[in-house]
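Written out below as structure tokens is the structure these notes cover.
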Amino acid sequence: MKRTVLGLLMLVLSAVSVFGQGAALTNADVVKLVKLALGDDVVMAKIRQAPAVDFKLETDDLVALKSQGVSSKVITAMLDKSGGGANGSVPAGPPGYPMNGSIPGMVNRVDLVDSKGAHPITSQSGETSQTNYMVGMLLWFNVHDAHAITRTSDHDAFLRVYSPTRLDEVGAFVRLDVNKEDRSLKIGSVNAFSFRGAMGFKVDEDFVIPSEVKQSSAGVWELRPKKPLGSGEFGFYTEGMRIFSFGVDGGPSQQASEDDGPSAISRLRGKFSRNKTAAAEAPSGDSVKLFLTTPPSQPYKELGRVASGKYNTMGVSRSRDAIDAELKKKAAALGADAVMNITEDMADVSGVAVKLNAQ
């Protein structure tokens, strides 16, 4: 018994000695922590917080880790952490900020900022699924719990993202559908004639929260929703099928946009549903102008991109009037009064929504 206690004490002191020197975290260090029976969450937190790592993760190394009792969750955390930079070092957020499940080299940190201050959000991984319908299918990203841990009652809350890369290249501010067991995000749709989303971090535009994007300092971005958030589940979805998620409590629920496919909840029940209330309250867009080639002569401010599919869910071509009407409606929902730089590809017609006479 005395030998067991002494051995455990020496193991603890050894681990403290290694981590206290600021040396890169290694496979051996992870094994030591695992054998202390601290639990996977503690070990993964230590991996995420390490300023540098020197993991060996070839096939034989993974076999060795598994044989020494390291769980698949911890090995995945090691792979995630070692994915960026030399020796697995990852660009950090501001001085003193811990990492919170970052995407190496892309998104270093995401904070939920509300009336009480900034709250770091830990990222979660998820799985993809598909729903088949008629001549196509819908693609989904799913997180297997119904509610985010980070929550606020401030409906004017916004996100602060630390990334060396432009946000439109690494992620999107999104809402999630909720059911009893998970949260779901529509990341694309495919039919015989068109394809939307599902590439990298791209998501279905109906799930994107229209936001003002501002770079507050080098590598720091703020995403402020154009309208107060309703109650519901939200997040910043980014490269690598991961999401920094949070929830808003109290007040009316966040209304989903009218969708030409099943929501996450209705698809689990095997039937289609549409949000008629949200569609009825949305701006008609009748007054929105379209500038096909020549940009407007008056000053304008860009609010974001809008797109309209060239085919319906049955794969049948839509009329140009219907496509233009959808562009106008989506632009009006952003507060725009014109769409410029209109282009098209095999699947969509898209353009830049602008506010005219904006200073």
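The values are calculated or read from the model by the stated rules, or taken from the named source; none is laboratory data. Keep in mind it's a predicted model, so treat the numbers as computed, not measured. With ideal geometry, Cβ positions are generated from the backbone for all residues, glycine too; neighbour counts draw on all protein chains shown. Accessible surface areas use protein heavy atoms only, side chains included; no ligands, DNA or RNA. Shrake-Rupley method; radii C 1.70, N 1.55, O 1.52, S 1.80 Å.
No other residue among SER67, SER17 is at pLDDT 80 or above, open to solvent by 50 Å² or more (accessible area, probe 1.4 Å) and more than 32 Å from the chain's Cα centre (by Cα) apart from SER67.
Any chance region 344-353 includes a residue that's out of contact with any Lys or Arg (no Cβ under 9 Å at 6 or more places or on another chain) and at pLDDT 85 or above? Scanning region 344-353, I find no residue that is out of contact with any Lys or Arg (no Cβ under 9 Å at 6 or more places or on another chain) and at pLDDT 85 or above, so the answer is no.
Yes or no: region 224-245 includes at least one residue that is at pLDDT below 90 and under 22 Å from GLY335 (Cβ atoms). Within region 224-245, none of the residues are at pLDDT below 90 and under 22 Å from GLY335 (Cβ atoms).
Please work out which residue is modelled with the lowest pLDDT, limiting yourself to region 310-321 and to residues that are of a type in the set (Gly, Ala, Ser) and in contact with a strand residue (DSSP E or B) (Cβ under 8 Å, 6 or more places away or on another chain). So, considering only residues that are of a type in the set (Gly, Ala, Ser) and in contact with a strand residue (DSSP E or B) (Cβ under 8 Å, 6 or more places away or on another chain), the one modelled with the lowest pLDDT is GLY315. Among the criteria (1) within 23 Å of the chain's Cα centre (by Cα); (2) at pLDDT below 85; (3) not charged (D, E, K, R), the one GLY285 does not fulfil is (1).
What residue, among those in region 286-305 that are β-branched (Val, Ile, Thr) and loosely packed, with under 10 Cβ neighbours inside 10 Å, is farthest from ASN357 (Cα to Cα)? I'd like the intermediate steps shown before the answer.
Within region 286-305, the subset β-branched (Val, Ile, Thr) is 288, 293-294.
Checking the rest, the ones that are also loosely packed, with under 10 Cβ neighbours inside 10 Å come to 293-294.
Numbers: THR293: 19, THR294: 16 Å.
So, considering only residues that are β-branched (Val, Ile, Thr) and loosely packed, with under 10 Cβ neighbours inside 10 Å, the one farthest from ASN357 (Cα to Cα) is THR293.
Considering region 328-347, the residues that are open to solvent by 30 Å² or more (accessible area, probe 1.4 Å) and not in a loop (DSSP other than H, G, I, E, B) include one that is nearest to LYS227 (Cα to Cα), namely ALA333. For LEU176, the criteria (1) part of a strand (DSSP E or B); (2) at pLDDT 85 or above; (3) surrounded by fewer than 16 Cβ atoms within 10 Å (Cβ to Cβ) hold in every case but one, which is (3).
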